[in-house]
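The structure appears right after this line, and notes come after that.
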């Protein structure tokens, strides 16, 4: 995939994916360690859409289908106690595997708190955060 310039602060283009759903082992209570739970993932990714618009080629943009497939496969096989850990590790994974300068990511855990629609975290990570990344996911 061609590299798309994403560090120019004058460029505010973004690609977003909202409402990706996957089931995974997430939580620290005994039953949560045994029963997969639904998580809902929203992503925001930098992209200079001008280049893709000029060429009308997926090679000049962020291939969000590949990213969505990777997210769903990885999250479905993950097992973490905290949503914070899941979000952080997923952000680092995507920064490491795709040509992204930054990522904004939200993970919701629907129904986790009684009388609340959902609970979750929103984070932003940058390529520079990869230097401090753990060696295993």
Scanning segment 3-28 residue by residue, the ones that are modelled with pLDDT under 90 and exposed (fewer than 15 other Cβ atoms within 10 Å of the Cβ) total 7
Which residue out of 45, 93 is out of contact with any strand residue (DSSP E or B) (no Cβ under 6 Å at 6 or more places or on another chain), surrounded by 12 or more Cβ atoms within 10 Å (Cβ to Cβ), closer than 26 Å to residue 133 by Cα and in contact (Cβ under 8 Å) with a residue 12 or more places away in the chain? 93
In segment 55-72, the residues that are farther than 15 Å from residue 43 by Cα and loosely packed, with under 15 Cβ neighbours inside 10 Å: 55, 56, 57, 58, 59
Of the listed residues (15, 67), the one being touching a helix residue (DSSP H, G or I) at 6+ places or on another chain (Cβ under 8 Å) and assigned to a helix (DSSP H, G or I) is 67
Has segment 105-122 got any residue that is part of a helix (DSSP H, G or I) and surrounded by fewer than 17 Cβ atoms within 10 Å (Cβ to Cβ)? no
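The values are calculated or read from the model by the stated rules, or taken from the named source; none is laboratory data. Note that the structure is predicted; figures quoted are calculated from it, not measured. Glycine also receives a Cβ, built like all others from the backbone with ideal geometry; neighbour counts cover every protein chain displayed.
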